[in-house]
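Worksheet for the structure shown next.
The values are calculated or read from the model by the stated rules, or taken from the named source; none is laboratory data. Note that the coordinates shown come from a computational prediction; the quantities given were computed from them, not determined experimentally. As a convention, Cβ positions derive from the backbone with ideal geometry for all residues, glycine included, and neighbour counts pool all protein chains shown.
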Amino acid sequence: MPASTIVDQHGRPFEVAPMQEQQTARVAMLQRDWATHPAKGLTPARLASILQDAEQGQPMAQLDLADDMLERDGHVYAELDKRAAVVVATPHQIAPPPNASAAEKALAEEVAEWVEELPLAQIKKAAMDAVLKSVSAQEIRWEMQGGALLPVSFEARPTRWLCPDERGTRWNLRDGSSAYGQPLLPGCWLLHRHRSLNGYMTRDGLVRVLAWPHLFKWASDTDLMEILEILGIPMRIGTFPVGASDTEKSRLMQAVVSLGRNAAGIMPAGMKIDLIKGAEGTEGPYLSMAQRMDAVQSKVIVGQTLTSGEGQHGTQALGNVHNEVRMDIRDADLAQLATTLTQQLLWPMVALNKPGVDPRRAPRWKWLTDQAEDLKTFAENLPKLAAGECALPCRGRTIGSKFRWRRKVRRCWVLPPPHRCSFRPRSRRLPRPPRPLPHAVPCRPPQPMGRMMCWMM
């Protein structure tokens with residue numbers, strides 16, 4: 001069978017038949033593959049070994065450690081969830097290429113209709129796992145719908161099912177028969193690689209940075225729990241006479257333990273129990289250590305601390321600055337995810353259903369990140385400008401676009417003074433500009449305000 005002439009972003013041909021079934025269904029060993037949970041009994045030496053193995057092409061333990069951190073460390077989970085929630089809530093559009101023709105615009109609208117049928121919130125949320133783990137994998141299954149081959153399901157797969165190829169530049173699917181696995185089928189995977197760090201492919205994620213604070217915080221919490229178990233409980237020492245038998249010693253030990261738990265116990269005559277002052281201590285050093293590690297993790301994930309915790313010091317201005325830092329990180333996340341969605345979701349849909357489209361002129365994923373403007377202040381200042389004999393062009397891309405008036409402007413008009421223009425908002429509808437006055441004239445070089453007209457289109 002000749003190879004398909006339709007290729008993905010890496011130049012690999014699409015094969016329609018394999019795309020209608022899941023690649024992992026043909027690898028039986030993956031269905032019986034379980035996590036190793038390396039966070040159990042983690043030590044600094046063990047952590048260093050895990051990170052070094054990942055650099056040398058064996059990232060399985062590092063990927064399992066990332067999952068353990070999400071389950072054990074609530075602070076890490078909360079901060080990463082904030083970062084993912086911002087991406088999920090950001091609106092998007094399927095945009096045509098620059099200087100698009102009518103056919104290219106129509107294609108973008110058709111692709112947008114296909115995309116709206118997909119579980120986009122689920123797709124975005126799963127893709128953001130790559131921020132911590134370096135990569136996230138979603139397996140796609142395609143079906144014919146309405147004469148078009150479209151994706152119908154996206155299933156998130158454990159990242160431990162992946163392994164680097166022999167060059168260490170791409171992720172393959174583990175199959176149990178090769179150290180480098182088998183290549184992922186083109187079009188069957190949405191594989192998002194989030195580059196937080198540079199260097200080896202297995203160093204992309206934040207897990208390598210967050211693992212050390214997690215280890216130190218876990219050790220501090222463990223020590224605190226041990227102190228809480230004996231805090232305030234007096235030390236109990238039993239004394240037995242010389243020549244006591246093993247049975248008598250065992251009874252004395254039972255009495256000492258029973259006295260600590262039940263405040264009651266019995267023991268043979270001739271033996272005694274001494275009570276020493278209970279253990280004293282404070283949780284201050286341990287809580288300070290945990291809070292310090294939380295602050296480090298917040299800085300790593302969201303770039304600051306004032307929007308991630310209570311904070312003891314700070315002002316509203318400083319908080320706004322920190323929030324701007326968080327928005328910068330959001331924009332960086334959106335830029336990387338837009339590239340992945342364009343190449344691995346939109347392009348396969350276009351290539352399989354609209355052959356012959358140039359990849360450089362295909363629709364692309366675009367995020368709508370424009371901040372809301374203060375339209376009230378803008379509207380209050382318009383009459384002042386008009387009263388000052390200022391000609392204000394009102395094309396759809398200027399004032400009209402700020403208020404998001406849907407009707408397009410065919411000619412350029414100017415705003416008159418306030419006493420000559422009034423709006424009549426309709427009930428439960430957005431206000432529409434009034435109709436033009438009979439003496440309305442197009443925008444010309446500066447003229448007396450009496451001859452200016454109000455843009456009413």
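For this structure, a couple of remarks:
- Under the condition of being free of Cβ contacts under 8 Å to residues at least 60 places away in the same chain and within 24 Å of LEU65 (Cα to Cα), the residues counted in segment 135-161 number 4.
- Listing of helices (runs of 4 or more DSSP H) fully contained in segment 65-137 that carry 1 or more residues being closer than 22 Å to PRO213 by Cβ: 74-89, 130-133
- Scanning segment 102-111 for residues that are surrounded by 15 or more Cβ atoms within 10 Å (Cβ to Cβ) and either of a type outside the set (Gly, Ala, Ser) or free of Cβ contacts under 8 Å to residues at least 40 places away in the same chain (or both) turns up GLU104, LEU107, GLU110, VAL111.
- Failed item in (1) in contact (Cβ under 8 Å) with a residue 40 or more places away in the chain; (2) over 30 Å from VAL302 (Cα atoms), with GLY181 passing the rest: (1)
- Residue within segment 161-176 that is assigned to a helix (DSSP H, G or I), assigned by the TED database to the domain that holds ALA28 and within 14 Å of THR24 (Cα to Cα) present: yes
- A search for C-beta distances below 9 Å between a residue of segment 345-372 that is closer than 19 Å to GLU117 by Cα and charged (D, E, K, R) and any residue that is part of a loop (DSSP other than H, G, I, E, B) and modelled with pLDDT of 90 or more, counting only pairs 6+ apart in sequence or on different chains, returns LYS354/ALA362; ARG364/PRO96; ARG364/PRO97.
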